Each structure stands twice: as structure tokens, then as C-alpha cells.
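Worksheet: one structure, shown below.
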Amino acid sequence: MTISAHQRVRKAVHRHRHLSKQGFLERAFTFAFRGLVYAQIWEDPEVDMEALEIAPDSHVVTIASGGCNVLSYLTANPAKITAVDLNTAHIALNRLKLTAAKALPDHASFHRFFARADSKDNIAAYRRFVAPHLDEATRRYWEGRDLIGRRRIGGFSRGIYRHGLLGRFIGAAHWLARLHGVDPRRMLEAQSRDEQRAIFERELSPIFDSAFTRWLTSQPASLFGLGIPPAQFEALAGEERMNEVLKARLEKLACDFDLKDNYFAVQAFGRGYAGGEGPLPPYLQAANHEAVVERVGRVDVRHVNFTDFLASQPAASADRYVLLDAQDWMSDAQLNALWAQITRTARPGARVLFRTAGEATILPGRVSQAVLSRWSYSAEASQGYTARDRSAIYGGVHLYRLKGEEA
């Protein structure tokens, strides 16, 4: 990550003096966040597209993260997507995915690269088809070396979803389960929702009640691998013990959806896309490949803060905004600056979608009434989106619509 990019992340996360306990945790998080965090984004794009109602003239502005949803939104046929991120690795991953979609010869090679993501053939395909079309910064990133001296592109021959902060977190969670005599992969043997629940209650649920797990999950640093900074840790816990919160979220992931249709669960319990033969995000599905390839030119990836990007844009220039869970990181001043720019740049019919660690929307009482009064909160619909979000990690999925001018 460049110095300027790291400074932007620090500005977003650091709220306390560096010698305080909370300040130390904030600085430890930003250090961990310097590299690849998400090889796969953990927000359900099908819920997103349902809530956003993307139209052929829509300009979607979203946080890029791992890029899965950026490419998946293309299946809804928007006019334009601007994907912004402060993380250099995420920018490089998004640009790699977009270039690979155009440059690889067919869906089979694209599927092998990003669904299996564990074949030496991917490295040969990268060199032959993809690398010649990458911009210099992206090529330099992927051909650069990680902390132990391996070229980063080699992750696609070793299982990229085991890499990055989240991949390592999932690996650590598997280690913790095995320490308790449990193999999380057993979940993938279930043949019905009833079997899923039985395995969860018999094997996984008791792990969260152990003294070691209760202690471990009470430490904010234990959730850095989920991309959760200290401020969001507090929001996620609320007034409950963190082990109980995490157990409830894992129960939803394990039990509320058929695993045959939930690639988030397959990633969590199997650490990959089941060799590419299991459920997949929309951009990797064969039926969507032609549309994704045809539309990748509509995506503009920017290494910039979301608010700063909007401030550089004309009034009424966008109408779909996806904030992921970034607002959980923000101070009141940052929230107000963000929503002032969203409101200024919003076209008639604009929609804003975001997630929160806790259940409730965080905007009332924090964003100025003069700005927030321009927006209508879709409370009932938001509850439905939360229930249907297969990633299961968030307490709330929230939709706001521009008042008086809804499409």
C-alpha cells in the first residue's frame, strides 16, 4: 500500500491516542489491513441487486472490496459502475478480475482462475492472456512478492481463498474447531436443512461455549480477520457477549439457507468454492459469462475514498450507492461529510444500501436532520433483505431512498 493510501485508512479508523488501549488496537488493525483482506466479498449480491433495482441508466457507486459484487452487478445491466477502495490489494484484485474477464479465452478458463483458483494452469494463463493487458501498477502488484518471498499471483495456483486476512481468519477458525475435536467441513456433508441444523447444534454450537472461545472472542483483535476494526467490534457485540453474537451469526449461515445454494457457507466451511463445482457468485456462473465480458468496460476502479470521489463529481451524477459496512468505522463528522456528498450527487430515484454490525440503522441522531430528512428509510424491506442475506455476518441490511422522487 502506498503511504498516501495507508494514511487514508488511518484517517478512517484512528480515533484515539496511540498510547491508549483503544488507540493501540486501532493501529494494529490498520497494520493488518495493509494487505489483501477479502479475496471474496462478504455481502450477498443477489440481495443487493434486489434492493437497488438497478436500471439500464443506473450509475452505481460502490466500495470495491474483493470485486465479486462489482462484477456481479454487471448482470443487472447498469450503465456504469464506479468502484472505489482505499486498499491497494483490493484495487489490484478488481483490476485483475476485470482484465481476466476480457482477456481469458472462455468461461472455462475464467472459472478455473477464480472458482477453482488452485491450478498451476492459472499462472500460465495469467502470463499468456492477462498480464500483457494489465496496467503497470496492477501487474507490479501481482508479480511482486509477499512477506515470505512468493509472487502474489501464485495464490491462484494455491487456492486464493485461503489467502488474505479473511482467508487466514477462516483457517484459524478451522484450527480452533479441530482443537475442540470438530471438522467444520462436516457441514458440507448435510443433505437437507434438517441435517445442517443437527450438525451445527451437535458439533459447532458447543465450541462457542468453551472458556477459551469466550475469552478469545472477547478480544477485539480476534476479529481483525473479518475486517472488523475496534469501533465496529463494539457495535457488533452490543450488550451481548461476543461468543453468543458470533454463534448466532454462524447459526444463520449454517442453518437458514440450503448449503447447495449458499456459496458463503461453502467458503466458510470448505475454504473455497468446492473445487468450482458448488454454488457460485453471479459473475462466475456460466449463464452470466457473456454478459459480464461484454460489460466489463462499464466499470471504473478508483483508488480513492468514497466521500472524496463523490466530492469530485457533478451534482445529480449517480443514483445507486453501496457502502458495505464502512459507516460502522466512521465518526459523526465523517458520516455527515459522506451523506452531504451522497445527497448532492443523487439523481431522482436514488437508493443507498449499506450494512451494519448491529441490527439498527446507525444514521438517526448522527447524520444531520437537514440531510437525513431528504431520505426515506425502507424499514420493512430492510428487515427482509437482512433475513435473506446469505453471508449472515451482518446484523442489518439497510435501504434508503431519495424522498419525493422515487422511481
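Before moving on, here are some points about what is shown:
- In segment 178-209, residue surrounded by the fewest Cβ atoms within 10 Å (Cβ to Cβ) [restricted to those that are more than 18 Å from residue 246 (Cβ to Cβ) and small (Gly, Ala, Ser)]: 181
- Segment 63-90: number of residues that are open to solvent by less than 10 Å² (accessible area, probe 1.4 Å) and of a type in the set (S, T, N, Q): 5
- Residue in segment 48-58 that is modelled with pLDDT of 85 or more, open to solvent by 10 Å² or more (accessible area, probe 1.4 Å) and in a helix (DSSP H, G or I) present: yes
- Selection status of residue 301, crowded, with 20+ Cβ neighbours inside 10 Å, modelled with pLDDT of 90 or more and not in a helix (DSSP H, G or I): yes
- Per-region count, segment 305-354, residues open to solvent by less than 30 Å² (accessible area, probe 1.4 Å), in contact with a Ser or Thr (Cβ under 6 Å, 6 or more places away or on another chain) and under 11 Å from residue 61 (Cβ atoms): 7
- Note on segment 132-162: among residues that are open to solvent by less than 10 Å² (accessible area, probe 1.4 Å) and in contact with a Lys or Arg (Cβ under 6 Å, 6 or more places away or on another chain), the one that is nearest to residue 39 (Cα to Cα) is 142.
- Residue in segment 91-102 that is out of contact with any helix residue (DSSP H, G or I) (no Cβ under 8 Å at 6 or more places or on another chain) and farther than 16 Å from residue 280 by Cβ present: yes
- Among the conditions (1) free of Cβ contacts under 8 Å to residues at least 12 places away in the same chain; (2) open to solvent by less than 50 Å² (accessible area, probe 1.4 Å), the only one that residue 294 does not satisfy is (2).
- Residue that is farthest from the chain's Cα centre (by Cα) [pool: residues in segment 156-186 that are closer than 14 Å to residue 96 by Cβ and either of a type in the set (D, E, K, R) or at pLDDT below 90 (or both)]: 163
- Selection within segment 120-150 - over 15 Å from residue 93 (Cβ atoms) and either at pLDDT below 95 or β-branched (Val, Ile, Thr) (or both): 123, 145, 147, 148, 149, 150
- Test: residue in segment 381-395 that is under 30 Å from residue 266 (Cα atoms), acidic (Asp, Glu) and open to solvent by less than 30 Å² (accessible area, probe 1.4 Å): yes
- Restricted to helices (runs of 4 or more DSSP H) entirely inside segment 210-280, those with at least 1 residues that are at pLDDT below 80, in contact with an Asp or Glu (Cβ under 8 Å, 6 or more places away or on another chain) and open to solvent by less than 50 Å² (accessible area, probe 1.4 Å) are 230-237.
- Tally, over segment 131-155, of residues that are within 24 Å of the chain's Cα centre (by Cα) and β-branched (Val, Ile, Thr): 2
- If you go through segment 314-338 and keep only what is in contact with a strand residue (DSSP E or B) (Cβ under 8 Å, 6 or more places away or on another chain) and not hydroxyl-bearing (Ser, Thr, Tyr), you end up with 316, 318, 319, 320, 322, 323, 324, 325, 326, 327, 328.
The values are calculated or read from the model by the stated rules, or taken from the named source; none is laboratory data. From a predicted model like this one, the values you see are computed outputs, not experimental measurements. Quick reminder, even Gly has a Cβ in these numbers, built from the backbone with ideal geometry, and neighbours come from all protein chains shown. Quick note on the areas: whole protein, heavy atoms, side chains included, nothing else; ligands and nucleic acids left out. Shrake-Rupley method; radii C 1.70, N 1.55, O 1.52, S 1.80 Å.
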